[in-house]
1. When you go through B:Gln298, B:Gln294, B:Gln310 one by one, which is the residue that is under 12 Å from the mean Cα position of the chain (by Cα) and either at pLDDT below 90 or not in a helix (DSSP H, G or I) (or both)?
2. Does A:Lys62 satisfy the criteria of being within 14 Å of another protein chain (Cβ to nearest Cβ) and either surrounded by 19 or more Cβ atoms within 10 Å (Cβ to Cβ) or not aliphatic (A, V, I, L, M) (or both)?
3. Only one of B:Val223, B:Val258 is in contact (Cβ under 8 Å) with a residue 60 or more places away in the chain, part of a helix (DSSP H, G or I) and surrounded by fewer than 17 Cβ atoms within 10 Å (Cβ to Cβ). Can you tell me which?
4. Report the residue count in region B:96-147 for those that are outside any loop (DSSP other than H, G, I, E, B), closer than 30 Å to B:Glu388 by Cα and polar (S, T, N, Q).
5. For B:Val203, are the conditions met, namely being in contact with a Gly (Cβ under 9 Å, 6 or more places away or on another chain) and of a type in the set (A, V, I, L, M, F, W, C)?
6. Tell me whether region B:45-53 contains one or more residues that are in contact with a Phe, Trp or Tyr (Cβ under 7 Å, 6 or more places away or on another chain), modelled with pLDDT of 90 or more and assigned to a helix (DSSP H, G or I).
7. Of all the residues that make up region B:360-390, how many are within 24 Å of B:Gln125 (Cα to Cα), within 23 Å of the chain's Cα centre (by Cα) and free of Cβ contacts under 8 Å to residues at least 40 places away in the same chain?
8. Which members of region A:17-29 meet the condition of being assigned to a strand (DSSP E or B) and more than 14 Å from chain B (Cβ to nearest Cβ)?
Amino acid sequence: MKLSHEEVLIRPVLTEKALNLRDKYNKYTFIVHPDANKHQIKEAVERIFGVKVIKVNTMNYKPKPRRDLRRRRIVGRTSKYKKAIVTLAEGHKIDLGV
Amino acid sequence: MDERKSLKEEKVVIPKETVEEYVDRAARRLARKVKLPGFRPGKVPVSVVKQRFAKEVREEAVIDALNEEIKKLVEERGWRLISSPRVKAQSEGEDVYEFTVEFEIYPEIVLPDPSQIRVKKRIKQITDADVEEKIQEFKEENATLQSVDREVREGDVVLAEFFTRKDGKEGERKRARIYVRADELDEDLYNAILGKKVGDEVVLPGEEEGEEEVYVIKKVFEVQYPSDEEVAELLGYTSPQEMREKIKEQLVEEAQKVAEFELENAIIQEILRLSPFDPPPSLVYQVYKDIKPQIAQQVPPEEVEEAALQNAAFIVARDLIILKLIEEKELDITDEEIIQYLKDEGKADPEKFLEEAKKRGKYDELRSRYLIRKAYDYLKQAVQIEPEFV
């Protein structure tokens, strides 16, 4: 599937775990388009942020039933999404603003 | 600037670049408290807090900077704060934040030279009539009622049935106890009831037109007062003469206490006249809350508010003057002096009382009470007192 670089990268993940990966291993976590492959992700990160990517790990998250806890019933499903952990070459950094 | 005022307003200007110095500290503090999905409590990095809670961090930083400025200002002026400063107004300029802050401080009290203070000491002279009045009070408290079959006379108590009547229709009947005394009873009823007997009706015009108030006399009681001998025995005296002597002594003692209390208040009033200052509102309010229920029992409801506020303001001013006097004259009190004061108040074993107070942790309370007493005594010795017998 043909996707623009901006379509591939949806948003960075800013959690305690993601920030630990960044600070300790220079790995950046993103939510990416579910149809994007590792090559497209690598290219998008390199083009948008101007950095050198050495590895991309991806994982798909299936939709889960969404429950209404007060009414105790299922009211829909969460969206499926894909997460990518991008390892950058030494000395390369992305400014996430935090 | 008028240092006698306890409320002061100051403009505090904080440059925005000063606030920047406080941002990191504020963000670190906030990071310990904020909850953010993806982070365990207290583990949110400061950089994330700064980004996600930019507004809150800035507000905290401004408050920190303002507190620091206020602290500096208070130290500079040498003020003693009574309550937390209050921000009355704030505005944001291009490079600065501006605040109008209200401070409540202990006012500067300048005590006048006590030897220049002249006050009158009003002392009530106790006469035999006062003693007789007191004895009469005891007699009335212990009076008994004797049912009599005769016409109503001055001083009697009448048991009657009361109802209203209009156009031949009677209202609900109620029992009424009537004290037949010229100085207490309604004049019309008093005049109408005198000379009546059991079974007689007393009819007076009612509140509405055509209405009548009817009293049917059911019983007449004569009030029998105990004799002087009986009252003396009741009060534990051997004779009416001893009773009169002792009552006079008590009344003289009471009058002296009242005179001393009024003298102390008069001295404080005079100090306030010579060297006026504003008592701090928050202290006045605290006292006002405490004394309001008491005042409510003494004055009509519409006057309670004003009377309580006036009294509270005087009490606060009085206490501040006494504290200033203790501080200025470096007054202190020894255990021996406390014991003497306790003796004067009639404590049976003052030494033991003092030891007990120390054991129970009440010593400081006792000490400050008598230190205040000593300060009043100092004032009473230093000012010019003119006795006035009334």
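1. Result of the check over B:Gln298, B:Gln294, B:Gln310: B:Gln298.
2. Considered against the rule, which asks whether it is within 14 Å of another protein chain (Cβ to nearest Cβ) and either surrounded by 19 or more Cβ atoms within 10 Å (Cβ to Cβ) or not aliphatic (A, V, I, L, M) (or both), A:Lys62 comes out as no.
3. B:Val258
4. 3
5. No, not satisfied.
6. Among the residues of region B:45-53, not one is in contact with a Phe, Trp or Tyr (Cβ under 7 Å, 6 or more places away or on another chain), modelled with pLDDT of 90 or more and assigned to a helix (DSSP H, G or I), which makes the answer no.
7. Residues meeting the conditions: 1.
8. Listed by number, the residues that qualify are A:Lys27, A:Tyr28.
The values are calculated or read from the model by the stated rules, or taken from the named source; none is laboratory data. If you're wondering where the values come from, they're calculated on a predicted model, not measured in any experiment. Please note: Cβ atoms are built from the backbone with ideal geometry, for glycine as well, and neighbour counts cover all protein chains shown.
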